[in-house]
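Below: one structure, written as structure tokens.
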Amino acid sequence: MNWNSLAPEDLLRACIEGGEPAWEEFLRRFQPVIAGTVARCARRFGDTGAGLIDDLVQEAFLKICANRCRVLREFQPQAPDAIFGFLKTVAFNITLDHFRGGMAEKRGSGQRDTALDAYAESAIAGSEGLPQAEREIVLREIDENLPPDTSPRDRRIFWLYYRHGMTSRAIAEIPGLGLTQKGVESVIQRMTGHVRERLGPSKIEPPKGKSSSGTF
Amino acid sequence: MVSMMDSERDPLERLAGSPRTGPGPGCPSPEELASVAAGLASAERRDSLLEHASRCDSCGAVLRGLIEDFSEQPDPQTLQSLRTSGPAWQHEMARCMTKASRPKQPVPIRSWLARVAAVVIALGGGWIAWITWFASNPEHLLAEAYTRQRPFEYRVPGAAYAPVRQERGALGSSFTKPRALLEAEDEIAGALEKDPDSAKALELRARAEMIEHDPERAIETVKHALERKPDDPGLQADLGMAYALRAQSRPDRAVDYAYAIDNLEKSRRIKPNSPETVFNLALVYEQMNSVDDAIREWDEYLKLDRSGPWHDEAQRRLTELESKKNSAGKP
């Protein structure tokens, strides 16, 4: 059998049935997906050591085949490439759990999920932010001045862009959102224009320079 | 590009750089946010999670990190440096995974030497068996699953402390469930296959249902178990917790708090020193805004549990209630 050309769902089925060549192909095909996600997630905690990444990759594969591949048996792909997202999620969970364990040991059983806090902190834009009180006021003012006919989706896009600093490309990459990067940019530009009109040009500038492609 | 001066003047551009508060009790788990980034959430759930994340500082930042981490291509140099990228490791791992994925076959013992070895292993490995049993005991697994994601405020017997992580609808697909929960469900399902009326298995199934935010079903399951063991204090306490959870999830079912108290009190009459029962009772009174009763129960709890994180949480709740009571008494 030509394992290389097997569709992901057929490969999963062959793995669940316990064929060694199927698992060889599974590892060859998906180890980069798992290792890549583990490495990027671990980097957020300042750990880029190959030893740790290898350990977590191994743990991910062991989790996949635990209980006679229960997670694979129960996985019901909704799209042809869903397995990629599924494995990335396995890798992310294992990495986050690893750092949760480490941080709990260091700091005792505190109330907060310090690993998750660290992950969130690492994702925040490096630029200087507004003081908390001023930020709350600005957020409220903007919210009240968004175009009244804005769809819930466009509102989300606007806040993901400004409040969380996501790029238009990153927003367009959210699965199921249904917009290209250009589409996202156009939503943001339209809404920013409206808000600027309502609040005055001196207060709010249009979103130049945060598009990933630099074409905004 | 926006110049530094522009950026300093423009508050909109500076919203994203502000410091973040941690997740709140109603925030989804990171595993759920990951399911959005991975395209695994249903359209309805995805929209609801995106709505939350777009307005929540903590979840928005986590989602941003996830989208970045899931969409970037792996760095070829990093991959090359990994042992797990090599064919030798992958070959060995494939063998392990093949073994693990096949149903276990009974191994025939052919020689007397093998029989002796089997006896020695059986005797010498008794403690390993005990540890294995402990690790696969569904009650311990459920307690572990609860601690991993403490999905509600009420205490599950035997579970270690954890802060509340989420309050509703967070354990959708089997994938977002903690592994311990999946394993526990496997064991419980096996036990119920053998004896569908086993009170113990039904009790554990009800706990799993509560962890999965299904108090409605949990109530039915515990009631079924109580038919077999009507005076079991553990079952009474579980039924009380299930009622409390249903009351919390359905505003039209506030009456369930009364049932919760009734069942928790029944449990306490049979087993007076169960810290979990008293903890949950105090919480139910809190939910009912019955401040004096809640203060009395927290006091009672602190006598049963003298130290540790559960004690600290009880102490904190007691202090808050006392200050609430004092401020309400002021003119």
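The values are calculated or read from the model by the stated rules, or taken from the named source; none is laboratory data. No experiment lies behind these values; they were computed from the predicted model shown. Backbone-built Cβ (ideal geometry, glycine too); neighbour counts: all protein chains shown.
Quick notes
- Any hit, the range A:104-113, residues being in a helix (DSSP H, G or I), surrounded by fewer than 23 Cβ atoms within 10 Å (Cβ to Cβ) and in contact (Cβ under 8 Å) with a residue 12 or more places away in the chain: no
- Residue match in the range A:3-19 (condition: facing another protein chain (nearest Cβ under 7 Å), aliphatic (A, V, I, L, M), over 22 Å from the mean Cα position of the chain (by Cα) and in a helix (DSSP H, G or I)): yes
- Residues that are more than 8 Å from chain B (Cβ to nearest Cβ), assigned to a helix (DSSP H, G or I) and buried (at least 18 other Cβ atoms within 10 Å of the Cβ) within the range A:31-54 comprise A:ILE34, A:VAL38, A:ALA42, listed in sequence order.
- Of the criteria (1) buried (at least 18 other Cβ atoms within 10 Å of the Cβ); (2) under 29 Å from A:GLY176 (Cα atoms), which one A:TRP23 fails: (2)
- No other residue among B:GLU286, B:GLU276, B:GLU300 is touching a residue at least 40 places away in the same chain (Cβ under 8 Å) and either crowded, with 16+ Cβ neighbours inside 10 Å or not in a helix (DSSP H, G or I) (or both) apart from B:GLU276.
- Count of residues meeting criterion [more than 11 Å from chain A (Cβ to nearest Cβ) and in a helix (DSSP H, G or I)] in the range B:185-196: 7
- Residue count for the range A:133-154 under the criterion of being under 12 Å from A:MET191 (Cβ atoms) and touching a residue at least 24 places away in the same chain (Cβ under 8 Å): the result is 7.
- In the range A:71-84, the condition of being surrounded by fewer than 23 Cβ atoms within 10 Å (Cβ to Cβ), within 21 Å of B:THR78 (Cβ to Cβ) and either touching a residue at least 12 places away in the same chain (Cβ under 8 Å) or outside the structural domain of A:PRO175 (by TED's automatic domain parsing) (or both) is met by at least one residue.
- Those residues of the range A:122-156 which are part of a helix (DSSP H, G or I) and either of a type in the set (Lys, Arg) or more than 8 Å from chain B (Cβ to nearest Cβ) (or both), in sequence order: A:ALA133, A:ARG135, A:GLU136, A:ILE137, A:ARG140, A:GLU141, A:ASP143, A:GLU144, A:ARG153, A:ASP154, A:ARG155, A:ARG156
- Checklist (1) under 20 Å from B:SER58 (Cβ atoms); (2) surrounded by 21 or more Cβ atoms within 10 Å (Cβ to Cβ) applied to A:ARG140, failing item: (2)
- Count - residues of the range A:157-183 that are hydroxyl-bearing (Ser, Thr, Tyr) and assigned to a loop (DSSP other than H, G, I, E, B): 2
- Set side by side, the residues B:GLY22, B:GLY17, B:GLY65, B:GLY86 differ, and just one is facing chain A (nearest Cβ under 7 Å) and at pLDDT 90 or above, which is B:GLY65.
- Evaluating A:CYS65 against the criteria (1) facing another protein chain (nearest Cβ under 10 Å); (2) surrounded by fewer than 17 Cβ atoms within 10 Å (Cβ to Cβ); (3) in contact with a helix residue (DSSP H, G or I) (Cβ under 8 Å, 6 or more places away or on another chain) leaves one unmet condition, (2).
- On the stretch given as the range B:19-48, residues that are under 19 Å from A:ARG155 (Cα atoms), out of contact with any Gly (no Cβ under 7 Å at 6 or more places or on another chain) and surrounded by fewer than 24 Cβ atoms within 10 Å (Cβ to Cβ) total 3.
- Residues considered: A:ALA79, A:ALA22, A:ALA66. Of these, the only one that is outside any helix (DSSP H, G or I), among the small types (Gly, Ala, Ser) and either more than 19 Å from the chain's Cα centre (by Cα) or closer than 20 Å to A:ALA7 by Cα (or both) is A:ALA79.
- Residues (touching a Phe, Trp or Tyr at 6+ places or on another chain (Cβ under 9 Å) and among the charged types (D, E, K, R)) located in the range B:247-286: B:ARG253, B:ASP256, B:ASP262, B:GLU276, B:GLU286
- Once the range A:166-205 is narrowed to residues that are buried (at least 17 other Cβ atoms within 10 Å of the Cβ), facing chain B (nearest Cβ under 8 Å) and farther than 29 Å from B:GLU44 by Cβ, the residue that is modelled with the highest pLDDT is A:ILE204.
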